[in-house]
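Notes follow the structure.
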Amino acid sequence: MNERYEEMYQAASRYYIQGETMESIARQLRLSRSSVSRLLKDARESGLVRISLADHQGSASPMAATLSRYFGVRVHMVSVRENANENVRFDQVARLAGRLLTEAVEDHQLIGVAWGVTLSHVVQHLGRRPLVGASVVQINGGANQRSSGIPYIGEILQAFGDAFDARVVLFPVPAFFDYAATKQAMWRERSVQNVLRLHERLDLAIFGVGCLEGRVPSHVYSAGYMDAGDMASLAADGVVGDVCTVLLREDGSYADISYNERATGLTPAELSRIPRRFCVVADPSRAPAVVGALRAGTATDLVLDEGTARAVLDRLRL
């Protein structure tokens, strides 16, 4: 243990555990008060000290309370000014989601992460929280006919891994197979089964909500995963969006959508087995898909802005 680390440990334990003042610590360690302040700052930034809040029960506004009662979820809502552009809205919601997730993760956890536009914003606001024995696991495939998806998805997953000092486990399969039989065959491969077994043991997951017709295009519908014919067919079948690339209707149904036989993400039923599940959304035009996702039981925690919350309530006529 080097001398700097020992000083950090002594200063942090005296300040945070024993309740000593900085002046007292400075006298004991024969340092200046400013040196003690720097030691405490370095202890926080290095992860030696982890500051967390008590479990956040969600926002207390009437809209949040109504959504919480209706769907049985914790609602974490941020206020965004009415004339804010979409980038500002995504940034504000992602900032809250990043903080909540950083507070929620723990040592030795398996943390499931979906990819998409929303998560690409969230990774920019993750706090540094080094964990012991944790893994970040990709929970839906990402390849399509044009791209492996690995650079885009890998950057998102690696950002989570770097924030938490966690092992990163990729899921190198397509978002959608061309044939259901191909998926069934791949699911028997040992390399794929290794990841599927991790999916069954996840402690926490974070994901966004895709929408066929969102103002901010969802990556799965704008990056070559589906053609115009696919989109028209899904719309005709009542599909409004997806969670983890599993397609949903607004009533929460998904099991009889034939396209899902080729999807590789966790289904709502599989997600529901995960103890803590953060659904993050920052686009009022995605309200139909959010309603479908919540009715399907995908989330324990909903992170969103006031405008999106109002749009969801309008869909419910509440």
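Details
- Only Cα pairs under 8 Å and 6+ residues apart enter the sum, and on that basis the relative contact order of the chain stands at 18 percent.
- Using alpha-carbon coordinates, inclination of helix 3-12 to the longest axis of the chain, degrees: 80 degrees
- 3J(HN,Hα) from dihedral phi, segment 193-202, Karplus parametrisation 6.51/-1.76/1.60, rounded to Hz, x for glycine, proline: 4, 4, 6, 4, 5, 5, 4, 6, 10, 4
- Net charge of Cβ neighbours under 13 Å - reference R44; Lys, Arg +1; Asp, Glu -1: +3
- Each residue of segment 76-86 is assigned a 3J(HN,Hα), and the resulting list reads 10, 10, 10, 8, 10, 4, 4, 8, 5, 7, 5 Hz, derived from the Karplus form 6.51 cos²θ - 1.76 cosθ + 1.60 (θ = phi - 60°), x at Gly and Pro.
- Only Lys, Arg (+1) and Asp, Glu (-1) charged, at Cβ; segment 62-316 dipole about Cα centre in debye: 460 debye
- Look at F71, F207 and count the other Cβ atoms within 10 Å of each Cβ; fewest to most, that gives F71, F207.
- Environment charge of A12, counting only residues whose C-beta is closer than 10 Å and scoring Lys/Arg +1, Asp/Glu -1: 0
- Backbone geometry of segment 66-71 corresponds, through the Karplus equation with coefficients 6.51, -1.76 and 1.60 at θ = phi - 60°, to 3J(HN,Hα) couplings of 5, 4, 4, 5, 5, 9 Hz, x marking Gly and Pro.
- Candidates Y16, S34, S46 compared by Cα position along the dipole of segment 3-46: farthest toward the positive end lies S34, with charges placed on Cβ.
- For G112, nonlocal amide neighbours, meaning residues 5 or more places apart or on other chains whose placed amide H falls under 5 Å from its own, are V137, D203, L204, A205, I206.
- Footprinting exposure proxy ranking of K41, K183, fewest other C-beta atoms within 10 angstrom first, gives K41, K183.
- Against the chain, whose longest principal axis comes from its Cα atoms, helix 33-46 is set at around 30 degrees.
- Relative exposure of C244, C279, judged by other C-beta atoms within 10 Å (fewest first): C279, C244
- Local electrostatic count at V122 - Lys and Arg +1, Asp and Glu -1, tallied over other residues with Cβ under 12 Å: +1
- Long-range HN-HN contacts of S59 with modeled amide H, under 5 Å: V75, H76, M77
Just so you know, all these numbers are worked out from the coordinates, no wet-lab data involved. Just so you know, these numbers come straight off a predicted model, no measurement behind them. No Cβ is skipped: glycine too gets one built from the backbone with ideal geometry, and neighbour counts run over all protein chains shown.
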